[in-house]
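The block underneath contains the structure these notes are about, expressed in structure tokens.
The values are calculated or read from the model by the stated rules, or taken from the named source; none is laboratory data. As the structure is a computational prediction, the values presented were derived from the model and not from experiment. Quick reminder, even Gly has a Cβ in these numbers, built from the backbone with ideal geometry, and neighbours come from all protein chains shown. Just so you know, the surface numbers come from the protein's heavy atoms only, side chains and all, with ligands and any DNA or RNA stripped out. Shrake-Rupley method; radii C 1.70, N 1.55, O 1.52, S 1.80 Å.
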Amino acid sequence: ERPPSHLAPTRFLLQTSQSSSDCSMMCRNRIMADVARYIFGRRIQVAHLEDRAFFKDVIAEALRSSSMMATKTLIELGHEPFPLSTEKTIKGSLIYFYPNFFSYAKQLAESHPLGWWVLTTGWVAGSIAIFVRRYTIRIGSDYINIYYDPPQHLSADERTLSFRENLKVALFSAMRDTVLCSVGLIAARPFTVVAIRQIAQVVGGEAKYINFIDGLRVIITEEGIRGLFAGFFPQLVAQLGMVWISGTVYFLVEQGLIKIIYWKGDPRVVGFNYAYGHTALYRQAKASIVFFSPDVDTYLSYTLTTVSTIMACVGSGLAASFLPNTPTFGNWWDGYKSVKGLSRGLHISTLFKRVHTGAVFVGMDKQLYASNTH
């Protein structure tokens, strides 16, 4: 994507070799004016087709996360007030299971005074976090497209490129996503912390963080700016790990598909063998990779995400931030080793089965419950 025509004078000034202070000042002022005009002049037009699609995607993601965020966060915090179920293995030994994700949400809604509304706890702050993250990434992406020249073959069909050219494109995309992901997480983390703490209040029945504005005020007053970024580092490691691991796997599989499906000589010479239906097969294979990659990413990073959620409550004074729910650890790596192996977090396998491997006890109702002693 080339920069708009009104940015051309700016690029011309940047390329000049004048070294006087007046020229440097004029150049800086012109850049700031052009950036402001580009961002605000273009973004205010919500009726624009791209803006409509953007806001539709943000709303869809917010609605999708609202039905899962409260349940997911409480599971990550180790809040397990519901009885276990048992099943026998082939050898006859008993296996204990937590309620799965859907059963947990149903029992939580039925047992809480708010009913099904409890599942929307923290939705406003979480939705704002999603919007801020996505919008920051979008502005950052526009800035990179304008002021940093992408590789020559960025928009070309990967099947027409050599392995080295595809590697350059993949590395540029990964580094670009790393920067955008980091900036987006930094901008959205304060709202994410407020959302997590609002949900954590369900554990002890507190009402410390009434809304997201009051939540920001309370955190800054009690913990300072640093409290707004509690648990940020493990979340950053999880997200950047997903960027590079998924990008590497996708690149290798993509190159493997090109070699297998278009194996006959140089694809630029044989014209991709379109006549034999290879194009449809290639597209179907790539669509399958895109469809399953989010599940793989979530499975690889869910432990770090759980540690990030637990650390977001540290220092809040909520019941969820103390034993037996939260184990004591000195840093995020100790927390990772403590949480790893527990049935906390959400990925594709825990939607239906969550195995409990720790101690159990019998409650007053003669039901089996998990022992969360750390």
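Residue pairs whose Cβ atoms lie under 9 Å apart, sitting 6 or more positions apart in sequence or on different chains, and linking a residue in the stretch 167-190 that is open to solvent by less than 30 Å² (accessible area, probe 1.4 Å) to a partner that is outside any helix (DSSP H, G or I) and not charged (D, E, K, R), are V169/P150; V169/P151; V169/H153; V169/L154; V169/A156; V169/L161; R189/A230; R189/G231. Between L236, L228, the distinction of being in a helix (DSSP H, G or I), among the aliphatic types (A, V, I, L, M) and within 17 Å of R134 (Cα to Cα) belongs to L236 only.
Checked against (1) in a helix (DSSP H, G or I); (2) under 30 Å from S141 (Cβ atoms); (3) modelled with pLDDT under 95, D214 passes all but a single condition, namely (2). For the stretch 112-130, a residue qualifies if it is open to solvent by 30 Å² or more (accessible area, probe 1.4 Å) and in a helix (DSSP H, G or I), and the qualifying residues are W116, W117, T120, W123, V124, I128. Summed over the stretch 67-111, residues that are open to solvent by 20 Å² or more (accessible area, probe 1.4 Å), assigned to a helix (DSSP H, G or I) and touching a residue at least 24 places away in the same chain (Cβ under 8 Å) total 5. Residue count for the stretch 361-374 satisfying the condition of being over 15 Å from N325 (Cα atoms) and modelled with pLDDT of 80 or more: 6.
Conditions (1) aromatic (F, W, Y); (2) open to solvent by 40 Å² or more (accessible area, probe 1.4 Å); (3) at pLDDT below 90, marked per residue:
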| residue | (1), (2), (3) |
| --- | --- |
| V218 | no, no, no |
| F229 | yes, yes, no |
| V253 | no, yes, yes |
| F272 | yes, no, yes |
| D295 | no, yes, yes |
| L304 | no, no, yes |
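The condition of being surrounded by 14 or more Cβ atoms within 10 Å (Cβ to Cβ), among the basic types (K, R) and modelled with pLDDT of 50 or more holds for only one of R30, R64, that being R30. Going residue by residue through the stretch 229-249, is there one that turns out to be among the hydroxyl-bearing types (S, T, Y) and more than 14 Å from the chain's Cα centre (by Cα)? There is at least one residue in the stretch 229-249 that is among the hydroxyl-bearing types (S, T, Y) and more than 14 Å from the chain's Cα centre (by Cα).
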